[in-house]
1. Using a Gaussian network model of the chain with C-alpha springs under 10 Å, which one of G15, G48, G83 is most mobile by mean-square fluctuation?
2. What aspartates and glutamates does K80 reach when the alpha-carbon gap must be under 15 Å and sequence neighbours fewer than 8 apart in one chain are set aside?
3. So how far, in whole Å, is the C-alpha centre of the stretch 1-60 from the one of the stretch 74-90?
4. Which aspartates and glutamates does K97 reach when only Cα atoms under 13 Å apart count, and residues fewer than 8 places away in its own chain are ignored?
5. For the chain, build the charge dipole from Cβ charges (+1 Lys, Arg; -1 Asp, Glu) around the Cα centre, then report which of L106, I40, T57 sits farthest towards its positive end.
6. With angles folded into 0 to 90 degrees, how steeply does helix 2-109 sit against the dominant principal axis of the chain? Use alpha carbons for both and round to 10.
Amino acid sequence: ANQAKIDVSEARMKGEIGARLREGQTLQNAVRIDAETKIISTKRQGEGKKEEIRVKTEVKVFENERDGEVAEANAELAKKKAGWSREAQVAEVEAAKAVALRDAELQREV
């Protein structure tokens, strides 16, 4: 009878130890899975940030290129306007001289 009690007691102890081991392993697995999930989530957030930065950089480069093209076009336009203004002034001077010459010719004829 004593041996039966000892056997039952040992079986209970082994059962409880096994149950506690399984609980411990379950908790360890849960912690490991949580840690892996956090690592993956952090990596994905980092990748998202990298992509966001890459896109912002590309947009900024495009904007800078466009601003450069606009500045170049404005400079070219300013050159052309200056040339046209100079041509207009020359034409005005030539017209004034032509009028003065014509007046002088008319004065001689009179």
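1. G15
2. E72
3. 76
4. E105
5. The residue sitting most towards the positive pole is I40.
6. The two axes meet at around 0 degrees.
Each value in this text was obtained by applying a stated rule to the coordinates, not by laboratory testing. In this text, all values refer to a predicted model and were calculated from it rather than measured experimentally. Cβ coordinates were reconstructed from backbone atoms using ideal geometry, including for glycine residues, and neighbour counts include every protein chain displayed.
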